Amino acid sequence: MILQSIPIDRPEGTNVILGQAHFIKSVEDLHEALVNAVPRIAFGLAFCEASGPCLVRTSGTDEALVESAGRNAIAIGAGHSFLILLKDCYPINVLPAIRQVPETCTVFCATANPVQVIVAETELGRAILGVVDGQGPKGIEGPEDVLKRRAFLRTIGYKF
């Protein structure tokens, strides 16, 4: 078995959602879930087919994000994995819809942080073991940090 760390290379300012689904129609169902969750959403989606022709299936509303999602999916190369790149919205806006897609099995991460995908390769293929999502903690928040966190959530419109 070979273990690798694959960085997700994406346009600046985008969020990424990495998950696993189980059927060729996942790409269409995920696309529909995204456009129904956020009007005029900008996204690119790639799904790694795990049988038959084993193609990376792509879709989306932003051609640059579609291309980037496809390129990253090829690099990860794990069957039945999907990668969504979002612009001008947050994963919190679409995760409930993604989880409601019947083919969705797992969501590994949803983040704007730098991401590395830990991949294992065997004679059968590749699997995602997990992700490294950003940096490790540097301490425990204090009272000033709590105030900053609360202010930030209000600044971006997620709390009143």
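The values are calculated or read from the model by the stated rules, or taken from the named source; none is laboratory data. Keep in mind that this is a model prediction, so the values were computed, not measured. No Cβ is skipped: glycine too gets one built from the backbone with ideal geometry, and neighbour counts run over all protein chains shown. Side chains included, ligands, DNA and RNA excluded: accessible areas come from the protein's heavy atoms. Shrake-Rupley method; radii C 1.70, N 1.55, O 1.52, S 1.80 Å.
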* How high is the relative contact order of region 51-104, given as a whole-number percent (alpha carbon pairs under 8 Å, six or more residues apart)? -> 25
* Considering amide H positions built from the backbone, and no H for Pro or chain starts, which residues 5 or more places from V131, or on another chain, come under 5 Å of its amide H? -> I118
* To do: Sort the following peptides by mean Cβ neighbour count (other Cβ atoms within 10 Å, averaged over residues), highest first: 44-56, 78-90, 102-114, 128-140.
  => 78-90, 44-56, 102-114, 128-140
* Structure fact -> Helix-only [θ] at 222 nm, the chain, -39500 (n - 2.57) per DSSP H run of 4+, per residue, nearest 500, equals -9500 deg cm²/dmol
* Asked: Which part of region 43-71 falls in the paramagnetic zone of D88, meaning amide N under 19 Å from the point 7 Å along Cα-to-beta-carbon?
  -> 43-45, 59-69
* Accessible-area composition of region 94-160, carbon plus sulfur, in percent [1.4 Å probe] -> 58
* **K25 - accessible surface, heavy atoms, 1.4 Å probe, Å² rounded to 10** => 90
* Determine, from the Cβ-Cβ distance of R40 and I118 and an R0 of 45 Å, the FRET efficiency 1/(1 + (r/R0)^6), rounded to the nearest 0.05. => 0.85
* Anchor K138: lysines whose Cα lies under 17 Å away (excluding residues fewer than 8 positions away in-chain) -> K148
* Give a residue-ordered list of calculated ³J(HN,Hα) values for region 38-51 (Karplus: 6.51 cos²θ - 1.76 cosθ + 1.60, θ = phi - 60°; whole Hz; x for Gly, Pro). => 9, x, 6, 5, 9, 7, x, 9, 9, 10, 8, 5, 10, 8
* Separation of region 117-160 and region 38-54 by C-alpha centroid, Å? -> 23
* Structure fact -> Once all protein chains are kept in place, R10 shows an accessible area at probe 1.4 Å, nearest 10 Å², of 40
* Asked: Under unit Cβ charges (Lys, Arg +1; Asp, Glu -1), what dipole magnitude, rounded to 20 debye, does region 1-159 have relative to its Cα centre?
  -> 520
* Take every Cα pair under 8 Å in the chain that's 6+ residues apart, average their separations, divide by the length, and report that relative contact order as a whole percent. => 30
* Let me know the Rg and Dmax you get for region 99-160 when you use only its Cα atoms, in Å. => 17.5, 53
* **Surface per residue (accessible, 1.4 Å probe) for region 33-160, Å²** => 59
* Structure fact -> Which of (i) 154; (ii) 123; (iii) 109 is the computed volume of the Cα convex hull per residue in Å³? It is (ii)
* **Contour minus Cα-Cα distance for D9 and R154 (0.36 nm per residue)** => 49.2 nm
* Asked: In what order, largest first, do R57, R71, R40 sit by accessible area if the probe radius is 1.4 Å?
  -> R40, R71, R57
